[in-house]
Each structure stands twice: as structure tokens, then as C-alpha cells.
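A.B. asks: For reference, the structure I am asking about is given below.
Any read-out appearing in this document is the output of simple, stated calculations on the displayed coordinates, not a laboratory observation. Owing to the predicted nature of the structure, the values given are computational and were not obtained by experimental measurement. All Cβ positions, glycine included, derive from the backbone under ideal geometry; neighbour counts span all protein chains shown.
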């Protein structure tokens, strides 16, 4: 399984990210490409320890049941629900958001599993560093596929 801790995987993600344009239409969902990149930044800030969203009630109940979705081989499905704190609206500058996400990815790789935050995922709950690495790759892949890159 791919993990964002792997420098080669991170380079692949950043290469795909470079293929996005502000006009790249989504294959599903409502976000624009710049909004999706900003959304990915928000999500990546949690394992980096920069953000600490609260656990959602439904996640406390269903999170453990659905946790395997985060780390199994299957791609995330289209139009999955998102934590309200990660919803991005309004205009965003793609180049600025892309540069920010690239920096966050580099930080994630550099910190490695030893530096991963212990703050729980808002839906899935406590995750190991390995689970964060796989989950963050799958999340980024999901949104890059959303825009066909």
C-alpha cells in the first residue's frame, strides 16, 4: 500500500498536483481545483499537528467500523462526506494553494512516522502513524482523481 511518508510517492503526488489548472473541471463533487487543493492542505495539517479538529459524534459511533476504508487497497468513493472544518468555499489561488500543499507534503515526509501527531482523526479516531501515511496518500489521490490527474 502506498504511503505519503515514501519520498517517491510524495514526488508522484506533487507531479500530479502540477498538472492541475484553475480551469480543470471536477469529474464529481462541487469543489474547484483550487478549493480541493486548499481542502487537502487542511486535512494534512492534522497529522502534522498544525490543526486539531474535534471528534464528530457520528465518528465516535461509526468511525471504528469504517476505519478499514482508510487503509485498505480500495480507492475512496466519490462524494464522501467531509469534516465541516475542512470545507473550503470562495475563490482560492491555485498556485498559492499548490505551493502550500507541496510544503506540507515535504514536511510530512521529513517528519516521518516518529513525528506524526497523536491527535485523533475527527471521524476515524486514533490512528497510528502508518495509518495516517496511508490515509493521507489515499485522500490526496482521491482529490487528484477527482480532477483527472
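A.B. asks: Please tell me the relative contact order of the stretch 36-123 in percent, rounded to the nearest whole number, where contacts are Cα pairs under 8 Å and at least six residues apart. Each step should come with its number before you reach the end.
C.D. replies: Details: 64 pairs, mean separation 55.1, N = 88.
Computed value for the stretch 36-123: 63 percent relative contact order.
A.B. asks: Here's something else I'd like to know. Which ordering of 82, 128 is given by a fewest-first count of other beta-carbon atoms within 10 Å?
C.D. replies: Values: 82 17, 128 12.
Placing the least packed residue first, the sequence is 128, 82.
A.B. asks: A further question on this structure: Using helices alone, I'd like the mean residue ellipticity at 222 nm for the chain: each DSSP H run of four-plus residues gives -39500 (n - 2.57), total over residue count, nearest 500.
C.D. replies: Values: 5 runs with 79 residues, N = 149.
About -17500 deg cm²/dmol.
A.B. asks: Please report, for the Cα atoms of the chain, the Rg to one decimal and the Dmax as a whole number; what are they, in angstrom?
C.D. replies: 14.3, 39
A.B. asks: Considering only C-alpha atoms, what is the centroid distance from the stretch 75-148 to the stretch 8-38, in Å?
C.D. replies: So the separation of the two Cα centres works out to 12 Å.
A.B. asks: Sorted by average packing, counted as other Cβ atoms within 10 angstrom per residue and highest first, what order do 100-111, 137-148 take? Please list the in-between numbers first.
C.D. replies: Details: 100-111: 17.5, 137-148: 19.8.
So the order, starting with the most tightly packed, is 137-148, 100-111.
A.B. asks: Same structure, new question: With a cut-off of 8 Å between alpha carbons and a minimum separation of six or more residues, what is the relative contact order of the stretch 2-149 in percent? Provide the component values of the computation, followed by the final result.
C.D. replies: Values: 194 pairs, mean separation 67.5, N = 148.
Computed over the stretch 2-149, the figure is 46 percent.
A.B. asks: Modelling each spin label as a point 7 Å along the Cα-to-Cβ direction, I'd like the residue 57/residue 96 distance in nm, to one decimal.
C.D. replies: 3.7
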